[in-house]
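The values are calculated or read from the model by the stated rules, or taken from the named source; none is laboratory data. Everything numeric here is computed off the predicted structure, so don't read it as measured data. Cβ sites come from the backbone with ideal geometry, for glycine too, and all protein chains shown count toward neighbours.
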Amino acid sequence: MSKYISHIATVEIPVSNLDRSVEFYVDVLGVKVEFKGEKNAMLSFQSKGVPTIFLVETEERKSLSFVNSNDRVEHSVIDFYTSSLKEFHQSLQEKNVEVGPLNINQEHGLGGFGFKDPDGNLLSACNVLHKGQ
(Lines give C-alpha, C1' and ligand atoms only; values in the text may rest on other atoms or scores of the structure.)
Protein backbone atom coordinates (compact mmCIF):
# COMPACT_ATOMS: atom_id res chain seq x y z
CA MET A 1 0.00 0.00 0.00
CA SER A 2 1.13 3.51 -0.73
CA LYS A 3 2.37 5.59 2.16
CA TYR A 4 -0.23 8.27 1.37
CA ILE A 5 -2.99 6.75 -0.78
CA SER A 6 -5.08 3.77 0.35
CA HIS A 7 -7.84 3.60 -2.27
CA ILE A 8 -9.90 5.47 -4.86
CA ALA A 9 -12.39 7.74 -3.07
CA THR A 10 -14.51 9.14 -5.91
CA VAL A 11 -14.91 8.68 -9.65
CA GLU A 12 -16.06 11.84 -11.44
CA ILE A 13 -18.21 11.51 -14.57
CA PRO A 14 -19.15 14.34 -16.96
CA VAL A 15 -22.84 14.53 -17.91
CA SER A 16 -24.92 16.91 -20.03
CA ASN A 17 -28.20 16.57 -18.12
CA LEU A 18 -27.85 15.97 -14.39
CA ASP A 19 -31.43 14.86 -13.70
CA ARG A 20 -31.43 12.33 -16.55
CA SER A 21 -28.05 10.96 -15.49
CA VAL A 22 -28.96 10.66 -11.80
CA GLU A 23 -32.07 8.71 -12.81
CA PHE A 24 -29.98 6.43 -15.05
CA TYR A 25 -27.30 5.65 -12.45
CA VAL A 26 -29.85 5.08 -9.68
CA ASP A 27 -31.98 2.81 -11.88
CA VAL A 28 -29.17 0.92 -13.63
CA LEU A 29 -26.53 0.63 -10.89
CA GLY A 30 -28.76 0.81 -7.82
CA VAL A 31 -26.74 3.60 -6.22
CA LYS A 32 -28.18 6.00 -3.66
CA VAL A 33 -28.15 9.79 -3.99
CA GLU A 34 -26.04 11.22 -1.16
CA PHE A 35 -26.24 14.81 -2.41
CA LYS A 36 -27.79 16.54 -5.41
CA GLY A 37 -27.14 20.17 -6.28
CA GLU A 38 -28.00 22.21 -9.34
CA LYS A 39 -25.02 21.04 -11.39
CA ASN A 40 -23.62 17.99 -9.58
CA ALA A 41 -24.59 14.95 -7.56
CA MET A 42 -22.79 12.47 -5.32
CA LEU A 43 -23.94 8.86 -5.65
CA SER A 44 -22.97 5.97 -3.41
CA PHE A 45 -23.08 2.18 -3.37
CA GLN A 46 -23.09 2.54 0.44
CA SER A 47 -20.36 -0.08 0.75
CA LYS A 48 -17.18 0.49 2.72
CA GLY A 49 -14.12 1.02 0.54
CA VAL A 50 -16.14 1.42 -2.67
CA PRO A 51 -15.69 4.76 -4.48
CA THR A 52 -18.55 7.22 -4.73
CA ILE A 53 -19.66 8.53 -8.14
CA PHE A 54 -19.67 12.29 -8.62
CA LEU A 55 -21.77 13.36 -11.61
CA VAL A 56 -20.83 16.82 -12.88
CA GLU A 57 -22.98 18.63 -15.41
CA THR A 58 -20.90 20.18 -18.19
CA GLU A 59 -21.35 21.60 -21.67
CA GLU A 60 -18.10 19.95 -22.75
CA ARG A 61 -19.00 17.05 -25.06
CA LYS A 62 -16.29 14.51 -24.27
CA SER A 63 -17.27 10.96 -23.41
CA LEU A 64 -15.28 8.65 -21.15
CA SER A 65 -13.51 5.97 -23.21
CA PHE A 66 -10.32 5.44 -25.18
CA VAL A 67 -9.18 3.34 -28.13
CA ASN A 68 -6.32 0.92 -27.57
CA SER A 69 -3.56 1.79 -30.08
CA ASN A 70 -2.56 -1.86 -30.46
CA ASP A 71 -5.85 -3.52 -31.37
CA ARG A 72 -8.22 -0.55 -31.93
CA VAL A 73 -10.62 -1.83 -29.25
CA GLU A 74 -12.57 0.86 -27.38
CA HIS A 75 -12.09 0.61 -23.62
CA SER A 76 -14.07 1.98 -20.71
CA VAL A 77 -12.40 3.91 -17.93
CA ILE A 78 -14.60 2.37 -15.22
CA ASP A 79 -15.41 -1.34 -14.72
CA PHE A 80 -18.18 -2.19 -12.28
CA TYR A 81 -18.09 -5.58 -10.55
CA THR A 82 -21.06 -7.94 -10.60
CA SER A 83 -21.30 -11.57 -9.58
CA SER A 84 -24.37 -11.87 -11.85
CA LEU A 85 -22.87 -10.90 -15.20
CA LYS A 86 -25.41 -12.57 -17.52
CA GLU A 87 -28.37 -11.35 -15.48
CA PHE A 88 -27.05 -7.77 -15.35
CA HIS A 89 -26.46 -7.82 -19.13
CA GLN A 90 -30.04 -8.99 -19.69
CA SER A 91 -31.40 -6.40 -17.24
CA LEU A 92 -29.68 -3.58 -19.13
CA GLN A 93 -31.06 -4.85 -22.43
CA GLU A 94 -34.56 -4.90 -20.94
CA LYS A 95 -34.07 -1.26 -19.87
CA ASN A 96 -33.04 -0.35 -23.44
CA VAL A 97 -29.52 0.62 -22.38
CA GLU A 98 -26.95 0.51 -25.20
CA VAL A 99 -25.08 -2.69 -24.36
CA GLY A 100 -22.15 -4.41 -26.06
CA PRO A 101 -21.74 -8.17 -26.49
CA LEU A 102 -21.33 -10.37 -23.44
CA ASN A 103 -17.79 -11.78 -23.50
CA ILE A 104 -17.23 -14.78 -21.23
CA ASN A 105 -14.20 -17.06 -21.30
CA GLN A 106 -15.68 -20.56 -21.48
CA GLU A 107 -12.68 -22.06 -19.71
CA HIS A 108 -13.04 -20.15 -16.42
CA GLY A 109 -16.35 -18.27 -16.76
CA LEU A 110 -14.84 -14.81 -16.27
CA GLY A 111 -15.71 -11.93 -18.54
CA GLY A 112 -17.50 -8.68 -19.05
CA PHE A 113 -19.26 -6.29 -21.39
CA GLY A 114 -19.55 -2.60 -22.12
CA PHE A 115 -22.58 -0.33 -21.85
CA LYS A 116 -23.20 3.38 -22.29
CA ASP A 117 -24.83 5.99 -20.09
CA PRO A 118 -27.15 8.62 -21.64
CA ASP A 119 -24.13 10.79 -22.58
CA GLY A 120 -22.28 8.00 -24.34
CA ASN A 121 -19.78 7.46 -21.52
CA LEU A 122 -18.56 3.89 -21.98
CA LEU A 123 -18.83 1.89 -18.77
CA SER A 124 -18.15 -1.80 -18.27
CA ALA A 125 -19.30 -4.62 -16.04
CA CYS A 126 -17.19 -7.64 -15.20
CA ASN A 127 -17.20 -10.61 -12.86
CA VAL A 128 -13.47 -10.48 -12.21
CA LEU A 129 -12.03 -9.74 -8.78
CA HIS A 130 -8.30 -9.24 -8.44
CA LYS A 131 -6.16 -10.18 -5.45
CA GLY A 132 -6.82 -7.75 -2.60
CA GLN A 133 -10.23 -6.57 -3.80
Exactly one of SER63, SER21, SER76, SER44 is surrounded by 10 or more Cβ atoms within 10 Å (Cβ to Cβ), at pLDDT below 95 and farther than 16 Å from ALA125 by Cα, and that residue is SER63
Out of VAL15, VAL28, VAL56, which single residue is surrounded by 13 or more Cβ atoms within 10 Å (Cβ to Cβ) and under 25 Å from ASN103 (Cα atoms)? VAL28
From the set of residues in segment 92-110 that are surrounded by 15 or more Cβ atoms within 10 Å (Cβ to Cβ) and modelled with pLDDT of 95 or more, which is farthest from the chain's Cα centre (by Cα)? LEU102
Any residue that is surrounded by 14 or more Cβ atoms within 10 Å (Cβ to Cβ), touching a Cys at 6+ places or on another chain (Cβ under 7 Å) and within 29 Å of LYS131 (Cα to Cα) - is there at least one of those in segment 112-119? yes
Check ILE5 against each of (1) in contact (Cβ under 8 Å) with a residue 24 or more places away in the chain; (2) more than 17 Å from the chain's Cα centre (by Cα) and name the one condition it does not meet. (1)
Cβ-Cβ under 6 Å pairs, at least 6 apart or on other chains, segment 117-133 side more than 23 Å from LYS95 (Cβ to Cβ), far side part of a loop (DSSP other than H, G, I, E, B): VAL128/LEU110
Among (1) in the same structural domain as GLN106 (by TED's automatic domain parsing); (2) β-branched (Val, Ile, Thr); (3) under 20 Å from VAL128 (Cβ atoms), there is one condition VAL50 misses while meeting the rest; what is its number? (1)
Please find, within segment 73-111, the residue that is nearest to SER63 (Cα to Cα) out of those that are in a strand (DSSP E or B) and without any contact (Cβ under 8 Å) to a residue 40 or more places away in the chain. VAL99
